[in-house]
Each structure stands twice: as structure tokens, then as C-alpha cells.
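Accompanying notes for the structure given below.
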Amino acid sequence: MNQNRIGITGTIASGKSALSSYLLGWDYMVIDADVIARNLVEPGSDLLKKIQDAFSEDDVIKADGSLDREKLGEIVFHDEVKREKLNDLMHPAIVEAMLHLISDKKGVVFLEIPLLFENKDALKKDGLDFDEIWLVDADPDVRIERLMKRDGIDEDYARQKIATQMPAEEKRRLADKVFDNSGDLITLYNQVDRALEELRGEEN
């Protein structure tokens, strides 16, 4: 059986992690790019040292030697040049780790990547492409409310964050499957069940 790579992504605050958690419950392999990114910048790691050097003027390392994610996030959110500098360090390392984890796996593997469409060309350049891409989306008002609650920010800042990403309409157009997570989890799970049935049918 060949490997079938399915990318999972979502519009901001759409709740894509709920889809990934459901898949894990069915014993599917789900690789989370955010988890990998956190592991790669543990205190003492080579990648953290590179980030420290690249952002030496910004003091993004805490007293305990860990990365100040909140401060770094604020910096790159407001500075595109620095955001690209960080991406150039992080993305190849994340892709290398993902490819290593799935190198000997057969069948379906899911890879959760928050900004998959925004970085699709770079991912492919680093060796990671997909057989399908699944998108989790939700109504704009729902996403704004979730984002405000999740990040503890006001509505204006939430809208700014949403505006920095590719429009939801474009992501929906590019995705192979779209899951609406505006309502309760049961509604989302029912959509995922149908997609998994189709997937199993294709493999048989």
C-alpha cells in the first residue's frame, strides 16, 4: 500500500484541531506542525540558537532559556521582513522532521499545518506535497468570537489577525474537502465520517 498524504489546515480559529483530535481517536496518524515546531526550539536546541542569533536585537529568549513565543509572535506579526526571516529558519526544519516521522508509514497519514496554503510552494520546495488537502472553516462571526476568547484580544485585533491570512473563500476554492465547523462537534464529526468513508472506498 502506498502512502496517502492528506494535509489538514483551516481558516484562523476555525477549530481544525477538533478534526485532528477526532482522527486520532480513530487511530489515524496525525502529525501536528505546531507540536513539531515547539519541540524543535526547546532550550539548548540548534534551531533556538539560530533564532536567537537572527533576532538578537529583539531579545526573544526568556531568562530560563526558553523561547518567548508571545513576544516573537508580536514581532513577526507586525514586520513582514522578520516574519520571512523566521519562516526561512523554521519551515525547512519542520518539513524535515515531518518527512522523517512518516518516512516508513504506509496508507493514510494526516499532516496538520496551520498556514498550508500560504506556504504550499515552500513546503513543496522542501519536499512535502499532498494527495489531498482538507480545510476546516467556520462562519466569520464564529471565528472572530473564538479568536477573541482564545487569544484574549479585542475584536479589532481579531479582525487584523484574520486579515493577514489568505481569504477564506480562496482557501475553500483550493481545498479538496471543506468541513464546516460553525456548529457543534457532532456536526463536524458527521462530515469527517463521510470523508473517511470515501477515503476507505478509494483505498479498496
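Its DSSP H runs of at least 4 residues, each contributing -39,500 (n - 2.57), put the calculated 222 nm mean residue ellipticity of the chain at -17000 deg cm²/dmol, to the nearest 500.
If we count every other residue with Cβ under 11 angstrom of LYS16's Cβ, Lys/Arg +1 and Asp/Glu -1, where does the sum land?
The answer is -4.
Considering only HIS100, ALA175, LEU111, the residue lying farthest towards the positive end of the dipole of the chain is HIS100, judged by Cα position with unit charges set on Cβ. Measuring nothing but how far apart in sequence close Cα pairs (under 8 Å, 6+ apart) lie, relative to its length, the chain scores a relative contact order of 35 percent.
Karplus-derived 3J(HN,Hα) values for the range 172-180, using 6.51 cos²θ - 1.76 cosθ + 1.60 with θ = phi - 60°, are 4, 5, 7, 6, 7, 9, 10, 10, 8 Hz; glycine and proline are entered as x. Across the range 38-53, coupling constants 3J(HN,Hα) worked out from phi with the 6.51/-1.76/1.60 Karplus curve, θ = phi - 60°, read 5, 5, 5, 10, 4, x, x, 6, 4, 5, 4, 4, 5, 5, 4, 5 Hz, and Gly and Pro carry x. Couplings 3J(HN,Hα) for the range 130-146, derived from phi with the Karplus relation 6.51 cos²θ - 1.76 cosθ + 1.60 (θ = phi - 60°), are 9, 7, 8, 10, 9, 10, 9, 10, 7, 4, x, 5, 5, 5, 4, 4, 5 Hz, where x marks Gly and Pro. Compute the Cα gyration tensor for the range 114-204, then decide on rounded, prolate or oblate, letting a ≥ b ≥ c be the square roots of its eigenvalues: rounded whenever a/c is under 1.5, prolate when a/b is larger than b/c in the other cases, and oblate in all that remain. Note, shape of the range 114-204 comes out oblate. On a per residue basis, the chain carries 57 Å² of accessible surface, using protein heavy atoms and a 1.4 Å probe. Extension gain for LYS49-ALA63 works out to 3.6 nm (0.36 nm per residue, less the C-alpha to C-alpha distance).
For ASN4, the residues whose amide H sits under 5 Å from its own are GLY107, VAL108, VAL109, ignoring neighbours fewer than 5 places away on the same chain, with H placed 1.01 Å from N. Using a probe radius of 1.4 angstrom, the carbon and sulfur fraction of the accessible surface of the range 116-174 is 45%. When only alpha carbons are used to place a centre, the range 77-92 and the range 133-204 end up 24 Å from one another.
The values are calculated or read from the model by the stated rules, or taken from the named source; none is laboratory data. Because the structure is predicted, anything quoted here is derived from the model rather than measured. As a convention, Cβ positions derive from the backbone with ideal geometry for all residues, glycine included, and neighbour counts pool all protein chains shown. Please note that ligands, DNA and RNA were not included when accessible areas were found on the heavy atoms of the full protein model with its side chains. Shrake-Rupley method; radii C 1.70, N 1.55, O 1.52, S 1.80 Å.
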